[in-house]
Structures are given as structure tokens and as C-alpha cells.
Amino acid sequence: MIVDIRKWKHVFKLDPDRDISDEALDLICQSGTDAIMVGGSTGVTFDNTVDLMARIRQYELPCVLEISSQEAIVPGFDLFFIPVVLNAEDPNWIVGQHHEALKEYGSLLNWDEIIAEGYVILNSEAAAAKLTKARANLDAKDVAAYARMADKLFHMPIVYLEYSGVFGDMELVRRTRQVLENARLFYGGGIDSLAKAQQAAEVADTIVVGNIIYSDLEQALQTVNVNFDRTGR
Ligand SMILES: CC(C)=CCC/C(C)=C/CC/C(C)=C/CC/C(C)=C/CC/C(C)=C/CC/C(C)=C/CC/C(C)=C/COP(=O)(O)OP(=O)(O)O
Ligand SMILES: O=P(O)(O)OC[C@@H](O)CO
Ligand SMILES: [Mg+2]
């Protein structure tokens, strides 16, 4: 399958560490979303990732693994997203884990399937912020500098503003997107209604919807109806 992330507007993120029924998965995969991202910051194992991938693979839509641990690298996804947490205070999550993984897999990789994400984690309470010791208390100028770093210095295809668990500062997201030339701005965090999806869609290129899938499936499905007319670079 040829997958063009530049066309994605809406993505559902499914966590291998959480249960989802076949009925709910069917509704998510047939919802009209552009892709499914598989990932989570804790409790992700090889086995629960394989299980989820096999179930999603029954559907036509693109399926991406966002790698969060070396033990849970599972072949067979359309793409592999590699988070690089630019505001991590622990370098393990900027280059350390990546270095270890490349020692193991470096000679085997099909680089066309691998996409670096310049992550900026902005909710200090999120599991990923704690894990990576992210310096989350940043202003728009700080974030713009990380965004330029990812886009212009490291040529990363994605800048991911991660508020996982809370709805973020849309003005900061808007200002961040303005400084990007090539990278796509992914926004994730606290989208739990069509109204919030719409606000995020007005300032980001791609919106990612996660936790609400597990607490209110109806609301999660509503987020696909977002109108993206304003964006589309
Ligand atoms: C031959 C073969 C098997 C091919 C494929 C191999 C392949 C693609 C190798 C790639 C090599 C490589 C460079 C791998 C990187 C390895 C790695 C472990 C990198 C570290 C990634 C990282 C920084 C993780 C930290 C956590 C993080 C940012 C996770 C992202 C996902 C996230 C934030 C999810 C939200 O989590 P959630 O649990 O939902 O959180 P809440 O509780 O707050 O909701
Ligand atoms: O789970 P939520 O808060 O929707 O966030 C989505 C995604 O950015 C998590 O990595
Ligand atoms: Mg989550």
C-alpha cells in the first residue's frame, strides 16, 4: 500500500495496552479516518502489538506503528513512526533508544517505511512526559524553536505537539504551524468532541484522537466529521 502522510487530516491512535472490542474496532476502522496509529507510552509489548496489528489489518486503511519500546518493534506495518522527544531532559529518548535499536536493526531497514517525528511534549502530567523527563513548561517561542529544529535542521517530516490527556493551547499550536515549511504539524491531546476536533483542525495539519476512543466511542467517532477546508498545504 502506498501511504502519503501529507494527505492525512484525522488519525485514530490505538493503544495495544488497552482493550477494544471487535465491534468498536470495526466502527473506528470504517469511520473514514485517514489512518490508524498504534502506540502508547507504557505497557506496550510485542504480543499486544502483534494482536492489535492483526485485527486492524483486516481493514484497508493505512496502519502505522509509533515505536515506543524496542521490545515492541513488530514488522508488518505500512510505516514506522519514530518519536524523537526534542524537549526530553533524558537523552535516552532523543537518541539513546534509537542508537540501541539501530545497532540491532540498522542493516535491515527499509528507510522508505521509517518516519521521524520531532515530538514536543507539552503536558507535564502525561505518562510520556514523566517517562522522558520532558521540559513541558514551554512558551510559544520555545516551541517554535523546537519546530524549526525538527523541520529545517533535522528535516523531520513530522512535528508532533503532544498534550496527551489534556486539550492544548490552540494559539501556541497555530503559531508553531506558522514557522513550518515542510514538516507536517500533528496535534494530539484531549480531543473528546467534534467541537474540539474542529478547533485543533483549524491550527494543525493532522489531528490525532486517542483516549476518548476508550471512554466515549460515540464522541470519538464524531471527531472524524471535522472540516479541514482551511488547511491543506
Ligand atoms: C526488520 C524490522 C523489524 C523492521 C522495523 C524496525 C524499525 C522500524 C526500527 C526502527 C529503529 C529505531 C530508530 C527505533 C526507535 C526505538 C525507540 C524505542 C525509540 C524511542 C521512542 C520514544 C522517544 C518513546 C518515548 C515515549 C513516547 C514519546 C511515546 C510516543 C507515544 C505516546 C506519547 C503515546 C501516548 O501514550 P499514552 O500511553 O496514550 O499516554 P497517556 O496515558 O498520557 O494517554
Ligand atoms: O489520548 P489523547 O489525549 O487523545 O491524545 C492523543 C495522542 O496525542 C496521544 O499520544
Ligand atoms: Mg493514551
For this session: Kindly give Rg over Rh for the range 1-88, based on alpha-carbon atoms, with the Kirkwood expression for the hydrodynamic radius.
Result: 0.94
Exercise. Can you give the calculated 222 nm mean residue ellipticity of the chain, where each DSSP H run of n ≥ 4 adds -39,500 (n - 2.57) and the sum is split over every residue, rounded to the nearest 500 deg cm²/dmol?
Worked result: -8000 deg cm²/dmol
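Taking a ≥ b ≥ c as the square roots of the Cα gyration tensor eigenvalues, with a/c under 1.5 meaning rounded and otherwise prolate when a/b beats b/c, else oblate, which class fits the range 57-103?
Details: a/c = 3.56, a/b = 2.09, b/c = 1.71.
Judged from the Cα gyration tensor, the range 57-103 comes out prolate (a/c at least 1.5, a/b above b/c).
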Seminar exercise, completed: The simple spin-label model distance between Arg174 and His155, using points 7 Å out along Cα→Cβ, in nm, is 3.3
Problem set entry | P(r) weight above 22 Å for the range 64-215, C-alpha pairs, percent | 39
Problem set entry | Peptides 187-194, 28-35 ordered by average Cβ neighbours within 10 Å, highest first | 187-194, 28-35
Exercise. What GluC sites (Glu not before Pro) in the range 1-83 are in a loop by DSSP, with at most 14 other Cβ atoms within 10 Å of the Cβ?
Worked result: Glu60
Exercise. How high is the FRET efficiency between Val50 and Leu109 when r is their beta carbon distance and R₀ equals 22 Å, given to the nearest 0.05?
Worked result: 0.70
Exercise. Considering only the chain, what is the antiparallel percent among its DSSP beta bridges, to the nearest 5?
Worked result: 5
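Normalising by the residue count of the chain, find the relative contact order in percent from Cα pairs under 8 Å and 6+ residues apart. Mind dumping the intermediate values first?
Numbers: 446 pairs, mean separation 40.0, N = 233.
For the chain, the relative contact order is 17 percent.
Read-outs throughout are calculated quantities, based only on the coordinates presented, and are distinct from any laboratory measurement. None of the values given here were measured: they were computed from a predicted structure. Heads up, the Cβs are rebuilt from the backbone with ideal geometry, glycines too, and the neighbour counts pull from every protein chain shown.
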